[in-house]
Amino acid sequence: MNIFVAKLSYNTSEDQVRSAFESFGQVDSVKIITDKFDGRSKGYGFVEMPNDAEGLAAIEDLNDSEMDGRQIVVKKARPREDNNRRGGGGGGGGYNRRY
DNA sequence: AGTGAGCGC
């Protein structure tokens, strides 16, 4: 389960997000996105959880919750550009496409 | 730099 976390405090680190999600289930990895030029946090990141059920539970609970004194946004992450994946859409998922 | 919509290498 790929999870997208946004509106993080610029002081928030991966370990803080890791700990928060570990409270709801096993966390595979956490990635905070930082600017490539300045190297400063962009204020959002990604969390990977091996258990989809725990991931959904974490999203429902951690979304719009408080972390490091700031409200955060937690959603399902969009799949990265995958032009190697067979078409046919099958399967699982169901991400809400804007537009 | 000192902010806050948004999707990573």
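Read-outs throughout are calculated quantities, based only on the coordinates presented, and are distinct from any laboratory measurement. What you see is a predicted model; the values in this text were computed from it and never measured.
Taking every Cα-Cα distance in segment A:2-76 and sorting them into 5 Å bins starting at zero, the pair-distance distribution P(r) comes out as 3, 19, 32, 26, 13, 5, 2, 0 percent. Per-residue extension of 0.36 nm, minus the Cα-Cα distance of A:Lys7 and A:Asp52, leaves a gain of 13.9 nm for this segment. Straight-line reach only, C-alpha to C-alpha below 13 angstrom: list the aspartates and glutamates that A:Lys7 could link to, leaving out same-chain residues fewer than 8 apart. Straight-line reach from A:Lys7, under 13 Å: A:Asp64, A:Glu66, A:Asp68. When you restrict to C-alpha pairs under 8 Å that are six or more residues apart and normalise by the size of segment A:2-76, the relative contact order lands at 43 percent.
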